[in-house]
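Structure first, commentary second.
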Amino acid sequence: MADYKKEIERRRTFAIISHPDAGKTTLTEKLLLYGGAIQQAGMVKGKRHMRHAVSDWMDIEKQRGISVTSSVMQFEYNNYCINILDTPGHADFSEDTYRTLMAADSAVMVIDAAKGVEKQTRKLFKVCTLRHIPIFTFINKMDRDARSPYDLTDQIEQELGIKTYAMNWPIGSGREFKGVYDRAAKKILTFTAEETANGKHQVEESASDLSDPKLSDLLGEDLLSTLKDDVELLDGAGADFSLEDVRRGKLSPVFFGSALTNFGVEPFLQEFLRMTTTPLPRKADIGEIDPMDSHFSAFVFKIQANMNKAHRDRVAFLRICSGEFDRGMEVVHMQGGRKMKLMAPQQLMAEQREIIDHAYAGDIIGVFDPGVFSIGDTLCASDKKFCFGGIPTFAPEHFARVSPKDTMKRKQFVKGMTQIAQEGAIQIFQELNGSMEEVVVGAVGQLQFEVLEYRLENEYKVDIRMENLPHEYIRWIENEGLDPKSLDLTSDTRCIQDLKGNHLLIFVSEWNITWALQHNHGLQLSEFGGAKL
Ligand code: G4P
């Protein structure tokens, strides 16, 4: 097998999703710890200990203590090359998360054992199912009082509509948490919180099987007999495990553990790597692109400006979809219609960047963006040209009218707004026949407006005037050539246009959408602007 194929085959690229506080950052950090990418837990995030937050790039993140933008981390483990796509937990930045999921081949869903499935879990899960990628579940915080494992797995099945298969089963929870039973190996992994020094180092897990006479001392009679009943019930009633169903996103393998204390993290990592897929093929306008195809191809899923104040630069994150990338190679930017050399390709470990010479399908690289890329753009080799399906824009739910306070700052305002919109942090629209001096901004979350205001002030030195609009729903008009002025609409419905000149309507309620459809025969409205999945 060609060397580049061997490299692709050992790649595993996944995103971790969760509702805020379920333990996504802690789990990510522990995976990095096992991969040797960090030496001590607490390096990725340590709000309390005032340690510098490595995955927080922007000042605003530091002020608020939330992870605003996604970061990408690569590490090696047992000859696998792993790319973790970290995603912002805050719901207001979910659009960034949706896009990151487009670059992943599988997802790990972290669930708080006391809370079960939460709002943000549901939303993110839905995006994963659109792409049919494998979804693994890590039920975290078993060292705290937890809901019954039956309840938790039932809830995942009922609310998210995916079958589950418990790979291991917890023995007690909270103070009574003694470990997990590994169903395939038929072994008990015992939990000893004291030894782990709060999970700062790797934990040694000791194993014994169910017939071990020492178990009743270790677990106590009650827990042991509950465990034996549980195991019997699971093995008797549970559905068979099917790796094919896992790979097709129809069955989620469930693991119980505690990221904080490291318990169950390494067995999870090993099993996850065994079951998850190598880089997946991607749809393009010429058909599916095989990752093993020797021609390089990639798409832009994220753009981030001013990651490093000292450099004032803009980085486009590419997901490589096929072939091999060599530093200095020439590629075609399909949307821009021109050849280019990718400058300073970087692999990122949050703030630390490393210039790289080679990267392969499955990898994420950051390249210098001279202001030409947009989200969803395709880059490919000049002797095999095509375009990937693109990334849909998710419908904003908040709108505001924005203009510069000082009209002399018009140029900076337009530059700032355009660049931030290209990054996909916000969407900008204009009034029909309007100018760029006053725009309508759409955002998925209210907090994005604050980030916009902050960034315009800090990075572009423009103070803005912002007036919130009452609209919450957006629909693109699909009928070609339709004059929006001819539409019969309720007085609070507004017609605006996106920067490509497409007309769209914003509504204050769903009722108004129905009204518009009823009063305008043949009107076709769509929720997504841009490519569909
Ligand atoms: P997130 O990225 O999903 O938002 O969650 P994060 O990892 O930041 O974890 C949220 C809180 O839950 C943190 O506590 C973290 O220490 C705690 N946590 C994570 N995993 C476990 C676990 O397995 N067991 C227990 N008991 N706690 C866990 P915090 O006090 O909010 O922050 P910090 O000061 O510890 O960083």
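Structure above, values below:
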{"read-out": "Cα-projected label distance for residue 411 with residue 235, points at 7 Å along beta-carbon direction, nm", "value": "7.6"}
{"read-out": "Separation of the residue 511 and residue 461 label points, Cα + 7 Å toward Cβ, nm", "value": "4.9"}
{"read-out": "Backbone HN-Hα couplings from phi across the range 282-295 [Karplus 6.51/-1.76/1.60, Hz, Gly and Pro as x]", "value": "10, 7, 9, 5, 9, x, 6, 9, 6, x, 7, 4, 6, 6"}
{"read-out": "For the range 409-425, Karplus couplings with θ = phi - 60° (6.51, -1.76, 1.60), whole Hz, Gly/Pro x", "value": "8, 3, 4, 5, 4, 4, 4, x, 4, 5, 5, 5, 5, 4, 5, x, 6"}
{"read-out": "Eligible aspartates and glutamates near residue 461 by straight Cα distance, threshold 19 Å, same-chain separation 8 or greater", "value": "59, 313, 406, 423, 437, 438, 450, 453"}
{"read-out": "Rounded to whole Hz, the Karplus (6.51, -1.76, 1.60) HN-Hα couplings of the range 170-185, x for glycine and proline", "value": "x, 10, x, 8, x, 5, 8, 5, 10, x, 10, 9, 7, 5, 6, 7"}
{"read-out": "Mean Cβ count within 10 Å, highest first, over the residues of peptides 213-224, 406-417, 160-171", "value": "160-171, 406-417, 213-224"}
{"read-out": "Ascending count of other beta-carbon atoms within 10 Å, so fewest first, for 4, 460, 150", "value": "150, 4, 460"}
{"read-out": "Gained length - residue 275 relative to residue 526, 0.36 nm times residue gap less alpha-carbon distance", "value": "86.6 nm"}
{"read-out": "Two-decimal Rg to Rh for the range 335-483 - Kirkwood Rh, Cα set", "value": "1.01"}
{"read-out": "With eigenvalues of the C-alpha gyration tensor scaled by 5 and rooted, the range 126-194, Å", "value": "25, 14, 11"}
{"read-out": "Where labels lie 7 Å past Cα in the beta-carbon direction, separation of residue 397 and residue 248 in nm", "value": "3.2"}
{"read-out": "Projected-area average for the range 218-292 over all orientations - Cα convex hull basis, square nanometres", "value": "8.0"}
{"read-out": "For residue 17, residues with placed amide H under 5 Å, excluding near neighbours", "value": "108, 109, 110"}
{"read-out": "Reachable lysines from residue 126, criterion Cα separation under 25 angstrom, eight or more residues apart if same chain", "value": "24, 115, 141, 163, 250, 283, 302, 532"}
{"read-out": "Ranked list, fewest to most other Cβ atoms within 10 Å of each Cβ, for 136, 241", "value": "241, 136"}
{"read-out": "465, 10 arranged by Cβ crowding within 10 Å, fewest neighbours leading", "value": "465, 10"}
{"read-out": "Segment residue 118-residue 431, extension gain: residue separation times 0.36 nm, minus the distance between their alpha carbons", "value": "108.9 nm"}
{"read-out": "Which listed pairs, of 30/123; 178/228; 186/214, have C-alpha distances above 19 Å, in listed order", "value": "30/123"}
{"read-out": "Cleavage-rule hits (trypsin sites (Lys or Arg not before Pro)) in the range 222-255: DSSP loop, at most 16 neighbouring Cβ within 10 angstrom", "value": "248, 250"}
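Every number here is computed from the coordinates shown, using simple stated rules; none is lab data. Every value quoted in this text rests on a predicted model; they were computed, and no experiment measured them. Heads up, the Cβs are rebuilt from the backbone with ideal geometry, glycines too, and the neighbour counts pull from every protein chain shown.
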